[in-house]
Amino acid sequence: MRFTFLIIAFITIVSGLDNGLGRTPPMGWNTWNHFQCQVNEQLLKDSADAMIELGFYEAGYKYLNLDDCWEGHRDENGYITTDPITFPGGIKALADYAHEKGLLFGIYSDAGRLTCARRLGSLGYEDKDAQRYAEWGIDFLKYDNCHNDGSPEIQRYVKMRDALNKTGRPIFYSICEWGKSKPFLWGRAVGNSWRTTLDIRATWASIISIIQKQQMITKYAGPGGWNDPDMLQIGNGQLTLEEQRSHFSLWAALKAPLLLGFDIRNPPVDAKAIALNEEIIAINQDPLGLSVSIVQRTRFYDIWTGPLSDGYVAVLFNRGEIPVVITLYFASHCNLEGEIAVRDLWEHADKGNFATSYFSRVPKHGVTVVKLTGGSRINKHNEPLFLQQIWDEDIVDDDPIEIDISINGDQIY
Ligand code: GLA
């Protein structure tokens, strides 16, 4: 029975999503993290204006994404309508408004009877909804998993994929089943990104917990399909400057979608500067599209490294409560040897050439992000660490975990 299901699942998913989108992770702004259900037409228009006027569009943020709470009832033919009170002009007018400014427009629905905010979902109406989205000029669909009928996620998400394909309009398909059925294993054939965790909150504990859940799945991210550790919380809650920089840097280097979630009409000064750091954005948008992997974890800090099309990136991340000096060894952490040029991507400064290592004093909860160029690859096998068992144990547990990691068989601590 299980075997038959697997065969059917395999046959249905291999036919593929073929929209050519997401060659690099999507960048944009989404309503949910700041506004939840308090959304309306004017907010979306003002946010579109702000994306252009405040430089976000120019920095690469192209998607204006309306999350839950826009939905009305279904008409007599089963087509979804728009909430007439909050969006009297309808979704098409909003999408047109965004398009006139050069933005792309995204919307939200759910592979269940109701959305998470208990508006109408798409289950059973996939074709009609996809058709409507295409008519409205939608460019991005986030597809959630609340109030479903208990059938396997793959089936329900493939159904919407096929409905989107049928419209002929390329629509970025963002799978949001919260990492429930290991979407990194099937998401690439179904969507352009897949949520890997439950909802992010604007707290340090939530961000740390999510980072720890990414370490064993980094290898699944690549052009056309991305791990999605949820939308950014910079500019929300009480996160410190260093915490926001760490959050943004790691999401960028993990090749996560960069979907801002603060009030973009009035961005907090720190969050705006962070979101507009073009050197960190360039790491995220690098055409090679490979994620960093964790290469060392100690009790206090992590080192994440990965290749770029024109070099290497390293994130020295202090999870601890006091400043710490972190040393990056080019050979053991990056598989690199020779003369290496180091550039600090938050200081925007070339730090010079180094032969074997580079160290940096990293503040509490902060990061140093460096780009390495020059040198050559050492010809030895150094696969990213892959900790499948942690995923299985940890997927529904929101508490940070401490784990031991070794490099090439040597225990770090
Ligand atoms: C779920 C999703 C969130 C958001 C809300 C909307 O919780 O994970 O990202 O879309 O639903 O109701």
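Got at least one residue in region 153-176 being within 16 Å of the ligand (Cβ to nearest atom), in a loop (DSSP other than H, G, I, E, B) and modelled with pLDDT of 95 or more? Yes, that holds for at least one residue. Taking Asp230, is it open to solvent by 10 Å² or more (accessible area, probe 1.4 Å) and within 13 Å of the chain's Cα centre (by Cα)? The answer is no for Asp230.
From the list Tyr312, Tyr358, the lone residue that is at pLDDT 95 or above, of a type in the set (Phe, Trp, Tyr) and under 22 Å from Tyr220 (Cα atoms) is Tyr312. For region 117-130, the set of residues classified as buried (at least 21 other Cβ atoms within 10 Å of the Cβ) and of a type outside the set (Ser, Thr, Tyr) consists of Gly121, Glu126, Asp129, Ala130, listed by residue number. Note on region 235-341: enclosed helices (runs of 4 or more DSSP H) holding 1 or more residues that are closer than 21 Å to Lys364 by Cβ and open to solvent by less than 20 Å² (accessible area, probe 1.4 Å) are 241-253, 269-275, 278-284.
For every residue, the table says whether it meets (1) acidic (Asp, Glu); (2) surrounded by 24 or more Cβ atoms within 10 Å (Cβ to Cβ); (3) within 20 Å of Pro25 (Cβ to Cβ).
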{"site": "Arg132", "(1), (2), (3)": "no, no, no"}
{"site": "Lys142", "(1), (2), (3)": "no, yes, yes"}
{"site": "Thr167", "(1), (2), (3)": "no, no, no"}
{"site": "Cys176", "(1), (2), (3)": "no, yes, yes"}
{"site": "Ala189", "(1), (2), (3)": "no, no, yes"}
{"site": "Asn192", "(1), (2), (3)": "no, yes, yes"}
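Being within 23 Å of Ile211 (Cβ to Cβ) and modelled with pLDDT of 95 or more holds for only one residue in Gly338, Gly306, and it is Gly306.
The values are calculated or read from the model by the stated rules, or taken from the named source; none is laboratory data. From a predicted model like this one, the values you see are computed outputs, not experimental measurements. When we count neighbours, we look across all protein chains shown, and the Cβ atoms used for this are built from the backbone with ideal geometry, even at glycine. SASA here: full protein model, heavy atoms, side chains in, ligands and nucleic acids out. Shrake-Rupley method; radii C 1.70, N 1.55, O 1.52, S 1.80 Å.
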